[in-house]
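Q: Encoded as structure tokens, here's the structure I'll be asking about.
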Amino acid sequence: MPTHYIQANTNGRLHPASEPSIAPLNRGFLYGDAIYEVWRTYHGVIFAWEEHWKRMRASALAVHMKLEVEPVRILAEIRRTVSAFRERVTTPGELYIRLQVTRGAGPIGLDTALADKPDFLLLVQACPELPIAKEREGLKLSVATTLRRNPAQSLDPAWKTGNYLNNLLCLREARARGADDVVILNLAGEVTEASVANIAFARGGGFVTPPLSAGILGGITRGLILGAVSAAAGIRGSEEPILPADFASMDECFLLSTTKDLVPVGEIDGVKFRLGPDSVASRLKRAFARAAREYATAHPELAA
């Protein structure tokens with residue numbers, strides 16, 4: 001079976017992800033009325049379990065959704081789903097684990113009172129790996145010019161919901177120009193993030209990343225890098241507003257995400273950035289790898 005096989009678990013029922021599993025009236029399908037989280041494994045252990053679960057609770061609270069599934073139940077369902085996945089894919093390597101919770105189904109209409117009961121869906125697949133060439137050359141990014149990040153006063157990007165049309169269309173624009181990913185600006189013209197990753201820049205031996213107030217997702221990897229990981233690496237990190245005009249004064253650029261941790265960026269719209277094993281990004285990536293290894297050793301109960 002090819003490694004692109006995806007195992008699903010809908011409300012406890014195991015099935016291939018290619019098989020339909022939700023009702024046409026499901027509100028996650030109709031309206032994006034859903035929240036989700038993604039974990040990955042390092043050394044076979046689910047990484048940052050509690051941090052992701054805390055963010056999922058916060059997303060549920062923000063959209064007034066009752067999160068009826070408990071962490072113990074979901075962890076057991078993850079293990080069932082992983083076991084089913086490994087029966088089909090014998091050499092998966094590290095795993096990508098996605099949990100989505102929708103408000104449920106019901107009569108057509110936006111009123112949340114029409115929802116019957118929440119549904120959950122788990123997806124497990126091999127964790128995507130960055131091609132070696134991209135790791136060496138860095139990603140090519142382009143700034144979105146036709147759309148801006150939806151402001152927190154509308155649909156807060158800090159909520160991890162099923163509404164990704166803004167990101168999708170911004171990415172489409174950048175890809176049409178030959179870029180790998182996009183840099184999305186807020187209404188003030190400040191840098192926020194990429195399509196599904198936070199962004200940071202190295203300057204003068206340290207690094208900076210946009211503040212949460214710019215309108216970004218509070219990334220788990222971003223938080224760890226700003227905290228214990230950068231401290232362990234002896235690299236100072238800070239948050240500050242960043243404008244496209246600042247790119248030329250930056251030494252490096254990199255993306256931060258759960259599935260790929262730190263990914264180097266080679267250029268943004270022709271502005272080149274430094275790469276290599278002695279870069280700030282590489283040093284942080286090595287420190288993050290050590291932290292992930294230590295986490296796996298300390299949390300055998302989260303083996304998947």
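The values are calculated or read from the model by the stated rules, or taken from the named source; none is laboratory data. Only a predicted model underlies this, so the values are computations on that prediction, with no experimental measurement involved. As a convention, Cβ positions derive from the backbone with ideal geometry for all residues, glycine included, and neighbour counts pool all protein chains shown.
Q: Could you look through region 1-39, keep only residues that are in contact with a Lys or Arg (Cβ under 6 Å, 6 or more places away or on another chain) and assigned to a loop (DSSP other than H, G, I, E, B), and pick out the one that is farthest from residue 196 (Cα to Cα)?
A: In this case the residue turns out to be 1.
Q: Something else: Among the residues that make up region 129-143, is at least one of them among the hydroxyl-bearing types (Ser, Thr, Tyr), surrounded by fewer than 20 Cβ atoms within 10 Å (Cβ to Cβ) and at pLDDT 95 or above?
A: Checking region 129-143: not a single residue is among the hydroxyl-bearing types (Ser, Thr, Tyr), surrounded by fewer than 20 Cβ atoms within 10 Å (Cβ to Cβ) and at pLDDT 95 or above.
Q: Another one. Please tell me if residue 257 is farther than 30 Å from residue 99 by Cα and of a type in the set (S, T, N, Q).
A: Against the criterion (farther than 30 Å from residue 99 by Cα and of a type in the set (S, T, N, Q)), residue 257 does not qualify.
Q: I would also like to ask the following. Among the residues of region 144-160, which ones are surrounded by fewer than 19 Cβ atoms within 10 Å (Cβ to Cβ) and of a type in the set (S, T, N, Q)?
A: Residues satisfying the conditions are 145, 146, 153, 154.
Q: So residue 117 clears everything in (1) closer than 18 Å to residue 28 by Cβ; (2) modelled with pLDDT of 95 or more; (3) over 16 Å from the mean Cα position of the chain (by Cα) except one condition, right? Which one?
A: For residue 117, the exception is condition (2).
Condition check ((1) assigned by TED's automatic domain parsing to the domain that holds residue 258; (2) closer than 26 Å to residue 31 by Cα; (3) modelled with pLDDT of 95 or more) across all residues:
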{"residue": "47", "(1), (2), (3)": "no, no, yes"}
{"residue": "50", "(1), (2), (3)": "no, no, yes"}
{"residue": "56", "(1), (2), (3)": "no, yes, yes"}
{"residue": "62", "(1), (2), (3)": "no, yes, yes"}
{"residue": "76", "(1), (2), (3)": "no, no, yes"}
{"residue": "89", "(1), (2), (3)": "no, no, no"}
{"residue": "98", "(1), (2), (3)": "no, yes, yes"}
{"residue": "111", "(1), (2), (3)": "no, yes, yes"}
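Q: Report, by residue number, each residue of region 134-184 that is of a type in the set (S, T, N, Q) and either touching a residue at least 60 places away in the same chain (Cβ under 8 Å) or part of a helix (DSSP H, G or I) (or both).
A: 142, 150, 153, 154, 161, 163, 166, 167
Q: Name the one entry in 171, 185 that is buried (at least 20 other Cβ atoms within 10 Å of the Cβ) and over 16 Å from the mean Cα position of the chain (by Cα).
A: None of the others qualify; the one that does is 185.
Q: Among the residues of region 198-216, count how many are crowded, with 21+ Cβ neighbours inside 10 Å and either of a type in the set (Phe, Trp, Tyr) or in contact with a Pro (Cβ under 9 Å, 6 or more places away or on another chain) (or both).
A: 9
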